[in-house]
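Since every read-out is calculated from the coordinates, none of them should be taken as a lab result. Here the structure is a predicted model, which means the values were calculated and not measured. Reconstructed Cβ throughout: ideal geometry from the backbone, glycine too, with neighbour counts over all protein chains shown.
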Amino acid sequence: MMQITAISMPTWGLTMEEGTLVEWLVPEGARVAPGMELAEIETTKVTNMLEAQEAGVLRRHVVAEGETRTCGALIGVLADETVPDAEVDAFIARFAESAAGDAALAPAPEPRQLDLPDGRRLRYLRVGEGGTAALLVHGFGGDLDAWQLIQARLAVDRAVYAIDLPGHGESTKEIRTGDLAELAETVGQAMDALGLERAHLVGHSLGAGTMLQLALTHPGRVASLALIAPVGLAEAIDPTFPTEFLAATKTRDLQRCLGRLFADPAMVGREFADRVARNKRLDGAETALSKIVAACFPDGRQHAVLLPAFASWIAENPAIPVTVIWGEEDAILSPDPLGQLPASVVALLLPGVGHMPQLEAAKEVNAILCAHVGGVA
């Protein structure tokens, strides 16, 4: 049989079940090379580009623009010009028959609820087994799905937990002060409840500030520390974003607000904005988020500036690996603090990336984080 390659609807993360083909970027009959962008795919979290994994000729658009398919479904076919059309047609038919017989695939892991000693509950998702566990914490207004492109890759050789911070997602909406100290204390309680004496701490934005605060308070619990566009290193912040996020009630307004998090605002689809809007409408969410904004970002600035304490902590804990990742085009938090970090920190500035590197540059961030945690006992 002649060489024919399937182009399937990708599975970008553990919770992704389907995607919508927004636009074909390569016409039928065009030759493609590995890494070439073939199509724009929209998921519930973000719009991203599907890249070719192999070289060949794009012989068929099996799925039309605007159509939605489950992950793994055939959306296109690669084959050389020498492959007859009849062979391509037969391949498509066989793929459809095989997919029909694979309906009972292993289900994706489901989020669970974690009971804390004070009676509050946090939602979490665990993937993987063994090793020194990694713990992932999202940014302001997000939830554990922020790690959908990262968690599975990190879980190849270890257990990886992603949690919803208090006030976010499906976690408790009970918040006392809403500052980094309270959030860090809660994450520490979650580690206790999960049986994690020590873990690789990975955080984004508000979650990174939370992990930094936890590390400063309890260095013995830190196997390594990875901060992505972290809150807590300087006073400067876009003063309008937190309040605009809180005020946005219509999906189109929220979509516009969320677009500021990305170097390319088009990455935020309506479905993504709808999902965030649903979380905001949960009972108690608005009050909890407002407390966090008042405590962490009063008067349009960051309340906690932990850079001096962080530098001292690094000097006192030289055996703990520290990596800080920032997008060069971050419009929410300036990456300027990268240049003020001690030389022992792996400080990485990603070009063409905004405030959401784990979604905008997932391939690069996966490689960085896997190298960061690799070899750490």
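Under unit Cβ charges (Lys, Arg +1; Asp, Glu -1), what dipole magnitude, rounded to 20 debye, does the chain have relative to its Cα centre?
Result for the chain is approximately 880 debye, rounded to the nearest 20.
Could you compute the net charge surrounding ILE175? Neighbours are other residues with a C-beta less than 10 Å from the C-beta of ILE175; K and R count +1, D and E count -1.
Working: positive: ARG120, LYS173, ARG176, LYS291; negative: GLU174, ASP179, GLU182.
For residues surrounding ILE175, the net value is +1.
Before rounding to the nearest 500, sum -39500 (n - 2.57) across all DSSP H runs of length at least 4 in the chain and divide by the residue total; then give [θ] at 222 nm in deg cm²/dmol. Don't skip to the end; give the middle numbers.
Numbers: 11 runs with 114 residues, N = 377.
That comes out to -9000 deg cm²/dmol.
Among PRO342, GLY269, GLN302, which residue has its Cα positioned farthest towards the positive end of the charge dipole of segment 252-377, with +1 placed on the Cβ of Lys and Arg, -1 on the Cβ of Asp and Glu, and the dipole taken about the Cα centre?
GLY269
Compute, for segment 206-308, the length of the dipole vector about the Cα centre, with Cβ point charges of +1 (Lys, Arg) and -1 (Asp, Glu) only. Units Debye, rounded to 20. Before the final figure, lay out the partial values.
On the way: 12 positive and 10 negative charges, 52 e Å.
For segment 206-308, the charge dipole is close to 260 debye.
Using alpha carbons only, how many degrees (0 to 90, rounded to 10) separate the axis of helix 180-194 from the longest principal axis of the chain?
Roughly 60 degrees, rounded to the nearest 10.
Would you list the P(r) distribution for segment 297-377, with all Cα-Cα distances sorted into 5 Å bins from 0 and each bin expressed as a whole %?
All Cα pairs, binned at 5 Å, distribute as 3, 13, 21, 21, 21, 15, 5, 1, 0 percent.
Considering only DSSP beta bridges with both partners in the chain, what is the antiparallel share in %, to the nearest 5?
Here the share of antiparallel DSSP bridges comes out near 55 percent.
Which whole-percent values make up P(r) of segment 69-218 when all C-alpha to C-alpha distances are grouped in 5 Å steps starting at zero?
2, 8, 16, 17, 14, 8, 6, 7, 6, 6, 4, 3, 1, 0
Roughly how large, in nm² to one decimal, is the mean projection of the convex hull of the alpha-carbon atoms in segment 190-329? Could the numbers behind the result be given before it?
Values: hull surface 38.3 nm².
For segment 190-329, averaging the hull's shadow over all directions gives 9.6 nm².
How far apart, in nanometres, would the label points at ASP253 and LEU348 be if each is projected 7 angstrom from Cα along the Cα-to-Cβ direction?
Computed distance between label sites ASP253 and LEU348 equals 3.8 nm.
Working from the pairwise distances between different alpha carbons, so that the mean of 1/r is found and then inverted, what is the chain's Kirkwood radius in Å?
After inverting the mean inverse Cα-Cα distance, the result is 21.8 Å.
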